Amino acid sequence: MKSLAELQAIKDKMKDKVVIREGVSSTRVVVGMATCGIAAGARPVLSAFVEAVNEGGLAGTVTVSQTGCVGLCQYEPIVEVYEAGKDKVTYVKMTADKAKEVVEKHLKGGKVVTEYTVANCE
Amino acid sequence: MKELSLNILDITENSVKAGATLTEISIVESGDTLTLTIKDDGCGMSDEILSTVENPFYTTRTTRKVGLGIPLLKMAAEMTGGKVKIVSSTNEANHGTTVTAHFFKNHLDFTPLGDIKETIVTLIQGHPDTDFLFTHQTNSGEVKLDTRELRVALEGVPLDTYEVIVWIKEYLNEQYQLLDNR
């Protein structure tokens, strides 16, 4: 059985880390979660980013957050990647699998997956 | 929406946007009915706005002029012979909005609930500073998650910490397994 005691153990483990983590994130991944995004499948995309970023050891430098409608509803699910000192990258028509690929190639490897970007979309 | 749990995610986003500190999401399944209630203590809506929210051409968004959240929920409920009711107050003493949707589960056009666990986890991940009380009652028992209790145990560690998110997922999985085995 899962218990609140386990959360206390997480708390004890995290207390020191939280201080370090704040302010260090240089990359932000933002998933559009308005009606249009949700209807198009944004929920599993967000979930895949959260899992891949954390399981991939990027938690210290990448944050994953949610936003409302980006204004390009026909291209949802839309994901924007903001990196310090670089142009914003907008990924469109995302899926959970594409999300994992973006984490591997772009966030880890530093190479934008151009085939999924809005610039490459008909 | 392919799943009712996606409508729930969408409607609850409105509660958070209205500044709710606590949003109560309740699903009650009894016989062939499913009642969904989303109750928040956000800023509430004036009667004037309340009369327009079911209209797809009303929206709070600024990026375009159509708002489909409530109309989609209403359609999903009415397709099964059910209905949606919205009560809202902007009074200082009891401000907030309650959306209640009734569904008939055995109707051919009933949208399956889908992955409600993922909806709850997504809400907490996206809004770690607001509280959610989730309850799901069926004929065999109840699943409950109260982020206020988690917050007490976590003593300041944010709810969107990955380890916490994983714990919540596992906790909900376990609760639903217990419910299914009853």
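Since every read-out is calculated from the coordinates, none of them should be taken as a lab result. Since this is a predicted model, take the numbers as computed values, not measurements. Neighbour counts run over all protein chains shown; Cβ positions are idealised from the backbone, glycine included.
Residue ranges B:158-164, B:27-33, A:65-71, A:31-37 sort as A:31-37, B:158-164, A:65-71, B:27-33 when ordered by packing (mean number of other C-beta atoms within 10 Å per residue, highest first).
Taking every DSSP helix (H) stretch of at least 4 residues in chain B, weighting each as -39,500 (n - 2.57) and dividing the sum by the residue count yields a mean residue ellipticity at 222 nm of -11000 deg cm²/dmol. Distance between the modelled labels on B:Q137 and B:C43, one decimal in nanometres: 3.3 nm (7 Å Cα→Cβ projection).
Shielding of peptide A:68-74 by partners, expressed as the average count of other chain Cβ atoms within 10 Å per residue Cβ, is 3.
Evaluate the relative contact order of chain B (contact order divided by residue number), counting alpha-carbon pairs under 8 angstrom at least 6 apart; express in whole percent.
On the way: 330 pairs, mean separation 44.0, N = 182.
Here the relative contact order equals 24 percent.
Here the Karplus relation 6.51 cos²θ - 1.76 cosθ + 1.60, evaluated at θ = phi - 60°, turns the backbone of the range B:124-130 into coupling constants of 5, 4, x, 9, x, 9, 10 Hz, with x for every Gly and Pro. Checking Cβ-Cβ separations below 4.7 Å across chain A identifies A:C69, A:C121 as cysteines lacking any candidate disulfide partner.
Charges were assigned to the Cβ only: +1 to each Lys and Arg, -1 to each Asp and Glu. The resulting dipole of the range A:20-120 about its Cα centre is roughly 80 debye. Reported value for the protein assembly as shown: 151 Å³ per residue, from the convex hull of its C-alpha atoms. The mean number of Cβ atoms from other chains found within 10 Å of a Cβ in peptide A:28-39 is 5, as a whole number. Taking θ as phi - 60° and the Karplus parameters 6.51, -1.76 and 1.60, the scalar couplings of the range A:99-105 work out to 4, 4, 5, 5, 4, 5, 7 Hz in sequence order, x denoting glycine and proline. Under 5 Å between amide hydrogens, built in the peptide plane, is the criterion, and for A:V64 it picks out A:V29 among residues at least 5 positions away or on other chains. A Gaussian network model of chain A, with springs between Cα atoms under 10 Å, assigns the largest mean-square fluctuation among A:E101, A:E83, A:E55 to A:E55.
For the segment B:154-166, counting C-beta atoms of other chains within 10 Å of every residue's C-beta and taking the mean gives 6. Legend: P(r) of chain B from all alpha carbon pair distances, 10 Å bins from 0, whole percents, reading 9, 36, 36, 17, 2.
Helices in chain A, meaning DSSP H runs of at least 4 residues, each add -39500 (n - 2.57). Divided by all residues, the mean residue ellipticity at 222 nm is -11000 deg cm²/dmol. Think of the protein assembly as shown as having a plus end and a minus end, set by charges on the Cβ of Lys, Arg, Asp and Glu; of A:C121, B:T12, B:A76, A:C121 sits farthest toward the positive end of this dipole. Of the beta bridges DSSP finds with both residues in the protein assembly as shown, what % are antiparallel, to the nearest 5? Rounded to the nearest five, the antiparallel share is 75 percent. Note on chain B: GNM, Cα springs under 10 Å; of B:S89, B:S26, B:S140, the largest mean-square fluctuation is that of B:S140.
Divide the volume of the convex hull around the Cα atoms of chain A by the residue count and you get 128 Å³ per residue.
Roughly speaking, what % of Cα-Cα pairs in the range B:80-164 are separated by over 17 Å, rounded to a whole number? When all Cα pairs of the range B:80-164 are counted, 65 percent exceed 17 Å.
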